[in-house]
1. Using a Förster radius of 25 Å, what is the FRET efficiency between residue 35 and residue 117 based on their Cβ-Cβ separation? Nearest 0.05, please.
2. Once the piece of chain linking residue 22 and residue 91 is laid out straight, how much longer is it, given 0.36 nm per residue of separation minus the C-alpha distance between them?
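Every number here is computed from the coordinates shown, using simple stated rules; none is lab data. Model, not experiment: these values are computed from the prediction. All Cβ positions, glycine included, derive from the backbone under ideal geometry; neighbour counts span all protein chains shown.
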């Protein structure tokens with residue numbers, strides 16, 4: 001599922017950065033629609049659980065958060081809307097590291113503030129108090145969020 005999410009993220013990136021000739025758009029749309037129809041055949045009823053394993057208390061263990069919420073819109077490695085965000089435990093709490101690309105852009109050349117806020121929250125949600133945060137708002141930049149417990 002992670003590979004599928006990565007390909008969809010790539011499609012999103014290409015959609016907002018390509019300059020496809022108008023005469024090719026319909027052909028590409030047709031191919032993508034066929035792929036979407038094929039995937040739709042594999043959607044279970046009822047849908048799979050949002051949480052695969054019980055998270056640690058208050059989501060305090062970043063490894064557990066990552067494993068328990070693979071479809072989460074912010075940290076889910078199986079959710080193509082989520083910035084690929086690596087979570088790790090540190091002596092001070094948790095650290096999330098990811099790379100913003102063009103689809104996360106707000107104003108020209110800058111990462112959208114709401115995206116920064118959303119991607120800063122997974123580490124902060126599992127701990128008691130934030131101690132440091134380092135964020136670059138340029139697309140293609142790395143975000144590193146550290147939180148203390």
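1. Values: r = 32 Å, r/R0 = 1.29.
It comes to 0.20.
2. Numbers: separation 69, 0.36 × 69 = 24.84 nm, distance 5.31 nm.
Stretched fully, the residue 22-residue 91 segment lengthens by 19.5 nm.
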